Amino acid sequence: STSTTTSVFETRESQVRSYCREWPAVFTSAQGVYQYAEDGSRYIDFFSGAGALNYGHNHPELKRHLIDYLAGDGVTHSLDTYTVAKREFLETFEEVVLAPRGLDYVVQFPGPTGTNSVETALKIARKCTGRQDVVSFTNAFHGMTLGSLAVTGNSMKRAGAGTPLYHSSTAPYDDYFDGETPDFMWLERTWSDSGSGLDLPAAVIVETVQGEGGLKAARGVWLRELAALCRRHDVLLIVDDVQAGCGRTGRFFSFEEAGIVPDIVCLSKSISGYGLPMSLTLMRRDLDQWEPGEHNGTFRGHNPAFVTATAALRTFWTDGAIEQNVAARAHQLRDGLQRIIARSDGATLRGRGLLAGVAFEDVEVAGRIQAAAFERGLLVETSGPSGEVVKVMPALTITEAEMAEGLEILVDAASAVLR
Ligand code: PMP
């Protein structure tokens, strides 16, 4: 017999469970931007699986490819053996993503999740430079395994277990930069001063918009200065595009707008297009210095994910429609968020594209708005070191009417809290 309660989760599942505490429903099905619970409630999804569902739930075109593949007994798991599904993905990725942008990255499949991609990037950087340190930024989030955790600038997430990488530094993120010219003097001086005994780092790892860290968005000029600084000192630049990539901020890669070309790029979350686990590490061709088998993993060949990933690139990235929709919906979203900001002293707009939200001075407010939104049928998350930001991250395919519907609920929830 199936229970309709949440009791087995409470008695059997670890205390670490988190999102379910904010959204105490048992979900059954989902389509597009709507998600349904077993009690019959319908929710608008302004969360998109933390960025893993950029094309919404069960997109019909992607679903058709997946079902056809399974119906034909397509190979599901394949380690890193050659498969037709992987070949089609690689060819499509080159044709649709890399070639049009003049990029020549070698593609590595490092495992199923974002943190696998980050670990791989860190390992490549150390291996290729022979240096150990990595510079990351305040409030950065790069994943929960120990290497990624070591460059994650959040003491709560470290849970007493993660230590910073030996000698590595945490630098202030763009949000502290207020002027015309970014000031990297501190890094520049440290890196130039070989006499001090401080080694040059292997790499700098950065998010162009801090997804978990409170939707702080780096300005283009800051990213360009950072890239130039890295180049001058032969330090590798890793852009973690796990959350901000795959069109979330408008272009396929979040760094395109700034006009920089990182040495290594981490992609995951929405790359499969269907919420299936998949990640990529993209690296400059000369950084592909692996010996065969030097970086292994069982789940490097999730063929159903390759199938939906290929279908997603073909469906959404061969014309400009998705970029246009992100631009238009982002505008609509900002207008909606301004209505909330107008009701709260000191509240500010954060983010870029469809990774945007509102930061509140009173850190309790965002969580209360999240709860009020849930009661009204909207799934929306909080972000930031104290959970002080209401974070809106709908599917990139969301229509004007769906966005309006979600925003009405969000504004109503915020009004109830801010009354
Ligand atoms: N990097 C960034 C920027 C992320 O947002 C996340 C996940 N929130 C990760 C890495 C880790 O990805 P995963 O949870 O799939 O390991």
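The values are calculated or read from the model by the stated rules, or taken from the named source; none is laboratory data. What you see is a predicted model, and the numbers here were worked out from it, not measured in a lab. Quick reminder, even Gly has a Cβ in these numbers, built from the backbone with ideal geometry, and neighbours come from all protein chains shown. SASA here: full protein model, heavy atoms, side chains in, ligands and nucleic acids out. Shrake-Rupley method; radii C 1.70, N 1.55, O 1.52, S 1.80 Å.
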Worksheet item: Is segment 34-169 best put as rounded, prolate or oblate by its Cα gyration tensor, with a ≥ b ≥ c the root eigenvalues, rounded for a/c under 1.5, and otherwise prolate when a/b is larger than b/c, oblate when not?
Response: oblate
Discussion item. In whole percent, and with a 1.4 Å probe on the protein chains, what portion of the accessible area of segment 1-152 is carbon and sulfur?
Written reply: 54 percent
Practice prompt. Using only the alpha carbons of segment 323-383, determine the length spanned along each of the three principal axes and report them from longest to shortest in whole angstroms.
Written response: 35, 27, 18
Worksheet item: Which of the peptides 111-122, 197-208, 340-351 is most tightly packed, and how do the rest follow, judged by the mean count of other Cβ atoms within 10 Å per residue?
Response: 111-122, 197-208, 340-351
Practice prompt. Take peptides 354-361, 369-376 and line them up by average Cβ neighbours within 10 Å, highest first, as a rough protection proxy.
Written response: 354-361, 369-376
Fill in: Where 290, 186 fall by accessible area, highest first, once all protein chains stay in place (1.4 Å)
186, 290
Worksheet item: What do you get for Rg/Rh of segment 157-228 when both radii come from the Cα atoms and Rh is the Kirkwood radius?
Response: 0.99
Worksheet item: Using the per-residue mean of other Cβ atoms lying within 10 Å as a proxy for protection, in what order, highest first, do the peptides 324-330, 258-264, 269-275 fall?
Response: 269-275, 258-264, 324-330
Response to the item:
Here segment 204-265 gives, from Cα atoms, an Rg and Dmax in Å of 10.9, 31
Fill in: log10 of Debye I(q)/I(0), alpha-carbon scatterers only, for segment 1-55 at 0.20 Å⁻¹
-0.84
Practice prompt. Would you work out which of 311, 354, 389 lies farthest towards the positive end of the dipole of segment 298-391? Charges go on Cβ: Lys and Arg +1, Asp and Glu -1.
Written response: 311
Discussion item. Taking the Kirkwood radius as the inverse of the mean 1/r across Cα pairs, report the Rg/Rh of segment 137-289.
Written reply: 0.95
Worksheet item: If each of residue 80 and residue 349 carries a label point 7 Å out from its Cα toward its Cβ, how far apart are those two points in nm?
Response: 4.5 nm
Practice prompt. Report in % the part of the accessible area of segment 259-356 that belongs to carbon and sulfur, leaving out ligands and nucleic acids; probe 1.4 Å.
Written response: 50 percent
Response to the item:
trypsin sites (Lys or Arg not before Pro) in segment 5-109 lying in a DSSP loop, each with at most 10 other Cβ atoms within 10 Å of its Cβ, come to 17
Worksheet item: Once the Cα gyration tensor of segment 334-419 is found, what semi-axes does its equivalent ellipsoid get, as square roots of 5 times the eigenvalues, in whole Å, sorted largest first?
Response: 18, 14, 12
Worksheet item: Given C-alpha coordinates of segment 21-91, what is the ratio Rg to Rh with the Kirkwood estimate of Rh?
Response: 1.09
Item to complete: Note down the Stokes-Einstein diffusion coefficient of the chain in µm²/s, whole number, using a Kirkwood radius over alpha carbon pairs, 25 °C, and 0.890 mPa s.
Response: 110 µm²/s
Worksheet entry | Order of exposure, largest accessible area first, which applies to 194, 41 with probe 1.4 Å | 194, 41
Practice prompt. Skip the ligands, DNA and RNA, and give the accessible area per residue of the chain with a 1.4 Å probe, whole Å².
Written response: 44 Å²
Discussion item. Normalised radius of gyration for segment 201-324, please: alpha carbon Rg relative to 2.2 N^0.38 Å, two decimal places.
Written reply: 1.13
